[in-house]
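**Q** My questions all concern the structure below.
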């Protein structure tokens, strides 16, 4: 740029402000003070660090020899991020990841402050970060991910994100910024279409479903099937319930021939068991994950882990780590993980456990209580389809705080008729009466409605000792339920605070 | 498909059935605000009043059913509106005739706007509506979003949730559905009106879904449909149906109270 006096910070090597050396110290001190003061919020130290040293995030993550894997999409971010991180760790890499629930930039900065040394050094090979769709855009303006994994776009918090197509556009920015591999859900048309935007990426890969499984995983365009299961459709204009039985792919008239080949395909699901096709061979493994949709998330995780491994092998072959000799630390950190074949991948996958609220099971009074986070209509539908209600007591807790979404419309996009046989023992949360009304119209018997969540949860877990229980909760309701159960029994720290 | 008829209505005097044909308009592309809840509410209540509801899902290109007694339409994304607009214009004469003939209709958000005279986008482009409601909408940057209570002489308080950036202005003499208390809410954030009412056609930004928590509006639509089709609105219920409806309305009353108390 001749004649220009503008200096631009190189995005790869962000400029260090004079006080940058102190950022880890100040950040850690704020974090400690915030904890001591029971300030609680995990984002506060991040806010301080962002203010005094805006380059901290990019500078710190730039140290990672294998870069950043960014995971985003509407449903399954947390579980999938946990799978990717656990698998990479199981293969011998040192992984930095953001704790559950802090899926915004400032949450990542806060988590980094906790992990960096006072000298600002991050002791990890790779970062696996979950970011919500809006923050992912904010993040890629500062840090270009090496790989990204884009899961799906479903209606969720329309009050925050606007329209679904807008959410897809947000994820398009992530695909654009990615330098290594962009991993896309082949079965979600809005996600698959992002391939056209990944101009800078070295490769685009897909994870997919065998044809026979597609009906289990509807896309947002299949949302209207709710009407069919409740209305008296006479077939005029298409009986949508038949369409649902035929599966969304059939409805869309797609054949596998129209689709690109998938790097990893989920071929079959069983009870805590899944079969994946990779490199033309089918491999079956046991899993500790709950719910069929988590097995598809596992296919997504496998695809991005394979991309990381290929990247590592390619860079090692090209001498990238030795060439980084100018940075002796990075050269020394060139990870050594031995040979990884698909069988080894299956073995590490079999060790992954569910994340917070994604089928997490807690033992209370001799009953197994499964906590199921519900955030949007498709997630709720998939949960209902995955966890059969028979033989269980069911409770539903619906709050409407900002983190839950204030608009209750989404409950009407969920089909609750699968609960007619067993009924719902207790409905709670701030919007318990909205939920009860929804169940009334689906003719699901309701035992009791009580907006006082703490008391309701305690009564629920005390009923029918020995009978396993499902508690469906929105985000803030989940936090409250866990806190209450934590006073009765041992509840693992899910990294989300109380 | 018929499992939701667990509590079948008692047959009429001579075993006669009293069908009501309900059109769900564009459920595939205009459905984002839980609009299927409106169809479900009308269907269930019709059955509990002793009518036989038939729901017809009408998407682009589908023919009208033989009878149309009520039309329910929902909100859509910009892309959804683009997908249905040509079909809507092809149906415009029929829709105008239905409206003039007293067919009750409920049009939420996107279809409310398209039922007006025109929509002016943020860059000044004018898109025609089908002109059933004397109103026009101007695209703006500011989104009006949040819980909302409006007051209507006929329906009492209407409880819902709005989420729109278009600002709608009613022509002189066009009756709003209700009035809101605060600036920055309702049709346009300025004149404290919300929605519109022309003959038996209701247009509104309120969802949540609208009808479950506002049984007075549901029953207005049902009554109008029954009067037009069968000459009068005459519930024929056994005790079971009457009790069930009372229970549903009791739950709705509690849900309304909570919703009205929540922050915007």
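Every read-out reported here was derived from the displayed coordinates using simple, explicitly stated rules and does not represent laboratory data. For clarity, every value in this text was computed on a predicted model and none was experimentally measured. Neighbour counts run over all protein chains shown; Cβ positions are idealised from the backbone, glycine included.
**Q** On full extension of the chain, what length is gained from residue A:385 through residue A:337, given 0.36 nm per residue of separation minus the C-alpha to C-alpha distance?
**A** 13.4 nm
**Q** If you don't mind, another one. Rounded to the nearest 0.05, what FRET efficiency do residue A:211 and residue B:174 have when you use their Cβ-Cβ distance and R0 = 56 Å?
**A** 0.60
**Q** Suppose we look only past 18 Å in the calculated P(r) of region A:72-140. What percent of the Cα-Cα pairs does that tail hold?
**A** Cα-Cα pairs in region A:72-140 separated by more than 18 Å: 39 percent.
**Q** OK, next. Tell me the label-point distance for the pair residue B:127, residue A:463, using the 7 Å Cα-to-Cβ offset, in nm and rounded to one decimal.
**A** 4.8
**Q** Using a Gaussian network model of chain B with C-alpha springs under 10 Å, which one of B:99, B:225, B:153 is most mobile by mean-square fluctuation?
**A** Judging by the Gaussian network model, the answer is B:153.
**Q** Per the Debye formula with a single identical scatterer at each Cα and no solvent contribution, what log10 I(q)/I(0) holds for region A:358-486 at q = 0.10, 0.22 Å⁻¹?
**A** -0.25, -1.47
**Q** Could I have the simple spin-label model distance between residue B:79 and residue A:221, label points 7 Å from Cα toward Cβ, reported in nm to one decimal?
**A** Rounded to a tenth, the inter-label distance reads 0.8 nm.
**Q** Let me see the P(r) profile for chain B: every Cα-Cα distance counted, bins of 5 Å, each bin given as a percent of all pairs.
**A** It works out to 1, 6, 13, 18, 19, 16, 12, 8, 4, 2, 0, 0, 0, in whole percents.
**Q** At residue A:450 and residue B:157, where each label point lies 7 Å from the Cα along Cα→Cβ, what is the point-to-point distance in nanometres?
**A** 2.6
**Q** Order of A:276, A:217 from fewest to most other C-beta atoms within 10 Å?
**A** The fewest-first ordering by Cβ neighbours comes to A:217, A:276.
**Q** Kindly rank B:105-117, A:171-183, B:77-89 from highest to lowest mean number of other beta carbons found within 10 Å of each residue.
**A** B:105-117, A:171-183, B:77-89
**Q** Could I ask something else about it? Which ordering of A:130, B:57, B:227 is given by a fewest-first count of other beta-carbon atoms within 10 Å?
**A** The order, fewest Cβ neighbours first, is B:227, B:57, A:130.
**Q** Quick one: if the Förster radius is 22 Å, what FRET efficiency do residue A:351 and residue A:417 give, using the C-beta to C-beta distance and rounding to 0.05?
**A** The calculated FRET efficiency here is 0.05.
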